[in-house]
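Heads up: the structure comes next, in structure tokens.
Quick note: the coordinates plus some simple rules give every number you see, no bench work behind them. This structure is a prediction, so every number in the text was calculated from the model and none was measured. Ideal geometry is used to build each Cβ from the backbone, glycine not excepted, and the neighbour counts take in all protein chains shown.
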Amino acid sequence: MNNDEDVKVSKEFISLCESQLNLILQSFLVQESAIYLTTSMNNETPKLIPILVYPNSPSSPFNSLAFLPSSSFEETLNESFQPEEITSYPPNSKAPYQLILPLIYQDLVLGLLAIKRNKFPWQKNEIVQIKEIAQTISLARIIEQKQQLTQIKLNRLEKLRILENNHIEDFLHQLRNPLTAIRTFGKLLLKRLLNDEPNYKVSESIIRESDRLKDLITDFNEQWEGFNNNEILPLNTSFFLTEKIENLEKFEIQEIINPLILSIQAIADEKNIQILTEINRNLSLIITNKKALGEILNNLLENAVKYTPINGKILLETNQNELELIIKISDTGYGIPEEEQQHIFERHYRGIQSQSSISGSGLGLAIVKELCDQIGIKISLISPFYWIKNQQYQGTQFSLFIPLS
């Protein structure tokens, strides 16, 4: 029985308590026993709420027990005490041999165990045994309270997850409309330009990057739907890749590099940054996940442009040895302090750049490292890296080592 909203007990806890009170009834010749639990304190004096009386019958209603604790006794629950101090054995005309023991877990009073015996004084060994029963009930109660708190936290997390899911779905939906408009405008512009006009390649880049963004949104949306349907996502799959990361293609590296350079050049032109390339034309075909490698190179090039001041230079060069194809991206940017280099692949880490006016999330290099690890590409950096005459800033070089087989 539960008479107060502040005390919530499960059927399992009541069942355990009944078994323990039945044990007391059978072993110690008691007339009645009862369990009281404390309400949540909430900066108020805790109250004792009757939870169970045993045996319970119409002729022995719960509230008729002679040993119901007094208000003064309840007040002791909010004070510092030793457990023995509230173990009560007061003689009483109605219950001359009643026994009251606290339900305690690590000095936290959870309630009381009250026992009434009309005959026979309590022996020390009996009290020791009943204290062990009280400890069993206390442990069961604290476990139940922890489970209740865990469930409350889980319910809150579930509400947050639903809210987060709704926000992401709304964002993806709203993002598609302007993206569709951008792609449409790019195609209309392309139709009005001749192939040899300077803006023709710019229009192609607009369409290409719009298509890339559309693919990213589609991939993320499919992965997100799988997550919400409680599907188990493989650990070796990125949100950038709907297909498995093991899906490999054989291709020439120029198939990725050439469109990336065209797209990044438009961004670099705004800062008057020169993009240089030294592409070895006799490179072997590589076998890897083409989409993942494209994301790696795109992030490295975007970072190079972002952290290179105006009038700087960026160099992308390719070469190979017997085992690997090597891609190096060098810049004349600010460089990366040596003490920060061990952290640059950590998510949201920006180091000294977090104090600059350059905006960023600290995710680009973390994504690069994650994808490199997944498709077996080694990545390294050198900074400072001086590669042109009279270089003003320290510069950085990132190198990718792509297995040929």
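Give a quick list of GluC sites (Glu not before Pro) in the range 317-404 that DSSP marks as loop, anything other than H, G, I, E or B, with at most 15 other Cβ atoms within 10 Å. Spell out each step's value before the answer.
On the way: sites: 317, 322, 324, 338, 339, 340, 346, 370; in loops: 322, 346.
Answer in residue order: 322, 346.
Lys and Arg at +1, Asp and Glu at -1: add these up for the other residues within a Cβ distance under 12 Å of residue 56 and post the number. It would help to have the intermediate numbers written out before the result.
Working: positive: none; negative: 18, 32.
With Lys, Arg at +1 and Asp, Glu at -1, the neighbours total -2.
Please work out the Cα center distance from the range 183-215 to the range 333-405, rounded to the nearest Å.
Taking the Cα centre of the range 333-405 as reference, the centre of the range 183-215 is 31 Å away.
On a full-extension model of 0.36 nm per residue, what is the gain between residue 105 and residue 25, subtracting their alpha-carbon distance, rounded to one decimal in nm?
Between residue 105 and residue 25, full extension yields 26.4 nm more.
Grab the Cα-Cα distance for residue 306 and residue 343, subtract it from 0.36 nm times how many residues apart they are, and report the gain in nm with one decimal.
Between residue 306 and residue 343, full extension yields 11.4 nm more.
Report, ordered by chain and residue number, the lysines lying within cross-link reach of residue 378, taken as a straight Cα distance under 27 Å and ignoring same-chain residues fewer than 8 apart.
Output for residue 378: 244, 250, 290, 291, 306, 313, 328, 369.
What FRET efficiency comes out for the pair residue 249/residue 220, r = Cβ-Cβ distance, R0 = 22 Å, nearest 0.05?
Efficiency for this residue pair is about 0.55.
Rounded to the nearest 0.05, what FRET efficiency is calculated for residue 191 and residue 135 with R0 set to 60 Å and r the Cβ-Cβ distance?
Details: r = 83 Å, r/R0 = 1.39.
That pair, residue 191 with residue 135, gives E of 0.10.
If you restrict to DSSP beta bridges whose two residues both lie in the range 261-373, what percentage is antiparallel, to the nearest 5?
Here the share of antiparallel DSSP bridges comes out near 60 percent.
With the convex hull built on the Cα atoms of the range 326-400, state its orientation-averaged projected area in nm². Mind showing how you got there, number by number?
Working: hull surface 21.2 nm².
Taking a quarter of the hull surface, the average projection is 5.3 nm².
Going Cα to Cα from residue 191, which lysines come in below 23 Å? Please leave out same-chain ones fewer than 8 positions away.
201, 214
So between residue 199 and residue 127, what do we pick up on full extension, going 0.36 nm a residue minus the alpha carbon distance?
Additional length available on full extension: 16.6 nm.
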